[in-house]
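Asks: Take this structure first; my questions come after.
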Amino acid sequence: MPLLLLVAGSAAIAAAGRRVPVPVPLLLVAAGLAVSYVPGVPDYTLDPHIVLPLLLPPLLHTAATDSSYLDLRAQARPVALLSVGYVLFATFVVGCAAYLIVPGLPLTAALVLGAVVAPPDAVAATAVARRVGLPSRITTILQGESLVNDATAITAFKVALAAAVGEGATWAGGIGEFLIAAVGGVGVGLVLMVPLHWLRTHLKEALLQNALSLLIPFVAYAVAEQVHASGVLAVVVVALYLGHRAWEVDFATRLQEEAVWKMVAFVLESAVFALIGLQLPVVLKGLGEYEGIDAAWYALAVFLVVAVARFAWVYPATFLPRLSARVRAREGDLSWKGPFVIGWAGMRGVVSLAIAFSIPLTVHGGEPFPERNLILFLTFTTVIGTLVVQGVSLPPLIRLLKFPPHDVQVETLAEANAQAQASRAAERRLDDLLADERNALPGPLADRLRTVLERRRNAVWERLGQVNPITGETVDDTYRRLSREMIGAEREVFVRLRDGRYIDDEMLRTLLRRLDLEEAAAYRETT
């Protein structure tokens, strides 16, 4: 019952939040904070054995399939510098700062805290990038970073945790474990991606293909973790490959898959942000001597170190490689605005909290883990601080910096040219097929095929035309509205015939499905 209330409540708040100017993730976190103190609300303690293997894989999968493999490859250097270099840098800087700020906190435990709060969150980055409309290059870098950095952070956490509990971890051992996890995760992804894609393309029913699609991220994560490799990297590699070759799957699967994964992402993202807010009572328990002013000071100090450390890494990592003439020639001019947004967009999220809750209660000698409750508290305040301070200020910051808007005219021309080339190829193919007697069609049906091609080709060019002087609509807006009106009239007749028992419900569903596909086609042709 509590789980049902969590999912239903977070989904309802997220749906309502789309109608207000406050970013939905922040609204969910605030709602979680408020609800956490309502009498009778149970403690929703984050279980890392649930969050990491059950929530992280589908969220990574949907983020990776929506990303562009080609764009990520083009931005491989900044993505690698952020997802690997920055996470290790933040682990060290935040750990050392916490060691100096908090009296009695061992360095090994401080480094555990550093690894926990080092990775910006995939869910938060995707949600913010989607909401504020960042330039494509910045969005690609942030998404690429958030896809890979969890693997770096989890490995760094394991190494720091081994030292903290007394397992005698060394720098050489840590580097070796990181390489094994990274290479192993990528290797598992490379091994799985081709057979999984082959299976997807050879299943004949869309329902089976989508059932497989839902299982894929869990399979990739579980197989990689079973061989002590990075499940995160395995999921990302498989998802990037499947997304890059999604065109090879039939249209029915793609239509269903898009709807299914949008629903899954919506529900999980909503629940994840609500869960963050619901952790407050849990992390406040057992703070003991660190309650009050001391705890607030440590939380503020760690948050400031996290924010400053990101800028301290982003600007040198951005501009030092540009000392190379080849890099400058390839990337062109670069202003300070892009790195500033990347530096300010480092929101933390549920992965940091899940990792923190996996810290054991005791070390090998049986003593309590040093300052475990304080680490949980500082992780929580850092997550909340980055989501509130950076999440709230990022949209107005984007507007203030005045990035050049997308050139809609250029994008539409590129789309129109691509559609024209595709239509010409389709016409040649149609002529070849109709020349074969086995494909003979009556003249009206052959003309209908050509008309569909012509309409699809002209629809994009018409978007470059003038707006209607009376309504202010573009040609494609008018076409879409009229098409929907006509389809709506047909739909009303079908329902009336069903209600009059002239047709049964099964026939109604068939007819409505046909109209739905036509409406979707009309919408896609003009958007």
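The values are calculated or read from the model by the stated rules, or taken from the named source; none is laboratory data. Source: prediction; values computed, not measured. Positions of Cβ are backbone-derived with ideal geometry, glycine not excepted, and every protein chain shown enters the neighbour counts. Each accessible area value is taken on the protein alone, full model and side chains, heavy atoms only, with ligands, DNA and RNA left out. Shrake-Rupley method; radii C 1.70, N 1.55, O 1.52, S 1.80 Å.
Asks: Say each of Leu208 and Glu367 gets a label point 7 Å from the Cα, pointing the same way as Cα to Cβ; how far apart are those two points in nm?
Replies: Between Leu208 and Glu367, the label points sit 6.0 nm apart.
Asks: Taking the full set of protein chains and a 1.4 angstrom probe, give the accessible area of Glu485 in square angstrom, rounded to the nearest 10.
Replies: 120
Asks: So for the chain, averaging the separation of alpha carbon pairs under 8 Å that are six or more residues apart and normalising by length, what relative contact order in percent results?
Replies: 20 percent.
Asks: In segment 497-521, whose amide N lies under 15 Å from the spot 7 Å out along Cα-to-Cβ of Arg448? List them in ranges.
Replies: Of the residues in segment 497-521, 514-515, 518 have backbone N under 15 Å from the label point off Arg448.
Asks: For the chain, what % of the accessible area comes from carbon and sulfur atoms, probe 1.4 Å?
Replies: Carbon with sulfur: 65 percent of the solvent-accessible area.
Asks: Next question. List the lysines whose Cα sits under 29 Å from the Cα of Lys337, skipping any in the same chain fewer than 8 residues away.
Replies: Partners within reach: Lys402.
Asks: Residue-wise, which Karplus ³J(HN,Hα) couplings in Hz belong to segment 276-285, taking 6.51 cos²θ - 1.76 cosθ + 1.60, θ = phi - 60°, and x for glycine or proline?
Replies: 4, x, 6, 7, 4, x, 5, 6, 7, 6
Asks: Related question: Go through segment 40-55 residue by residue and turn each phi into a ³J(HN,Hα) via Karplus (6.51, -1.76, 1.60, θ = phi - 60°); whole Hz please, and just put x for glycine and proline.
Replies: Coupling constants for segment 40-55: x, 6, x, 6, 9, 6, 5, 9, x, 6, 9, 5, 5, x, 10, 9 Hz.
Asks: Kindly report the accessible area of the chain per residue (heavy atoms of protein chains, probe 1.4 Å, no ligands, DNA or RNA), in Å².
Replies: 51
Asks: With the dipole of the chain worked out from charges on the C-beta (+1 for Lys and Arg, -1 for Asp and Glu) around the Cα centre, which of Val84, Ser352, Pro217 lies farthest toward the positive end?
Replies: Going by the Cα projections, it comes out as Val84.
Asks: For Lys204, go through the aspartates and glutamates and keep the ones whose alpha-carbon is under 19 Å away, minus same-chain ones fewer than eight residues off.
Replies: Glu248, Asp250, Glu257, Glu258
Asks: Out of (i) 158; (ii) 212; (iii) 123, which label holds the value of volume of the Cα convex hull per residue in Å³ that was computed here?
Replies: The calculated read-out lines up with (ii).
Asks: Given a 1.4 Å probe and heavy atoms of the protein chains only, how would you sort Lys204, Lys337, largest accessible area at the top?
Replies: Lys204, Lys337
Asks: Now for a separate question. At a 1.4 Å probe radius, which order do Glu490, Glu427, Glu367 fall into by accessible area, largest first?
Replies: Listed by decreasing accessible area, they come as Glu367, Glu490, Glu427.
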